[in-house]
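Each value in this text was obtained by applying a stated rule to the coordinates, not by laboratory testing. A quick note: this is a predicted structure, and the numbers were derived from the prediction, not measured. Here the Cβ is made from the backbone with ideal geometry for all residues, glycine too, and neighbour counts use every protein chain on show.
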Amino acid sequence: MNISHAPALLLTLALAGAAAANPELPPDPLAKEIRELREEVASLRRLDRATSAEVKLLTERLERIEKSLKELSSRSGPFRSEFTPATPRVAIGTGTLRLDNRLPVTAYVTIDGVEYSVAPQTVRRLTGRAAGTIGYSITADGMGVGPMTRTPLAAGESLTLTIY
């Protein structure tokens, strides 16, 4: 602070005190600004205390997490994880699918997402199919798509899908 401003500041503070004591005098803008600054400092101190408390809580929580991780890593033995698959297990072995089209038009059979065409009034054999549950739908030229059907195919079995 420049020392030449000190008398002016003292005079302003004295007048601000006199204005506060005498309600007839107009309010001093400097006194108002000083009061607002004091309120702002007090507000910042309250905020600092709240922030410090939050930081302390977060620090304690982090320490608990680190302690839990340390305990988990110090356990002896390998970790294991297991789950049960959502799809049925595939049986070991293979089977054969016979697609028997008795219609006078070409038929289409979609098996597990793969489409197979079957010429009119013929049989198409699909050998070496993995045993397990298969999902299929059937359609033909000029006809709508049938519903998705699921059926098991056992190892060594020959399953016939008749299209009519």
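The relative contact order of the range 94-163 comes to 43 percent, based on Cα pairs under 8 Å that sit 6 or more residues apart.
Derived scalar couplings between HN and Hα for the range 149-156 equal 10, 10, 8, x, 10, 7, 4, x Hz in order, rounded to whole Hz, by the Karplus curve 6.51 cos²θ - 1.76 cosθ + 1.60 (θ = phi - 60°), x for Gly and Pro.
3J(HN,Hα) couplings calculated from phi for the range 114-125 with the Karplus curve 6.51 cos²θ - 1.76 cosθ + 1.60 (θ = phi - 60°) are, in sequence order, 10, 8, 10, 9, 10, 4, x, 6, 9, 10, 10, 9 Hz; Gly and Pro show x. A protection proxy built from the mean count of other Cβ atoms within 10 Å ranks the segments 96-105, 110-119, most packed first, as 96-105, 110-119. Beyond 18 Å, the tail of the calculated P(r) for the range 94-163 holds 31 percent of the Cα pairs.
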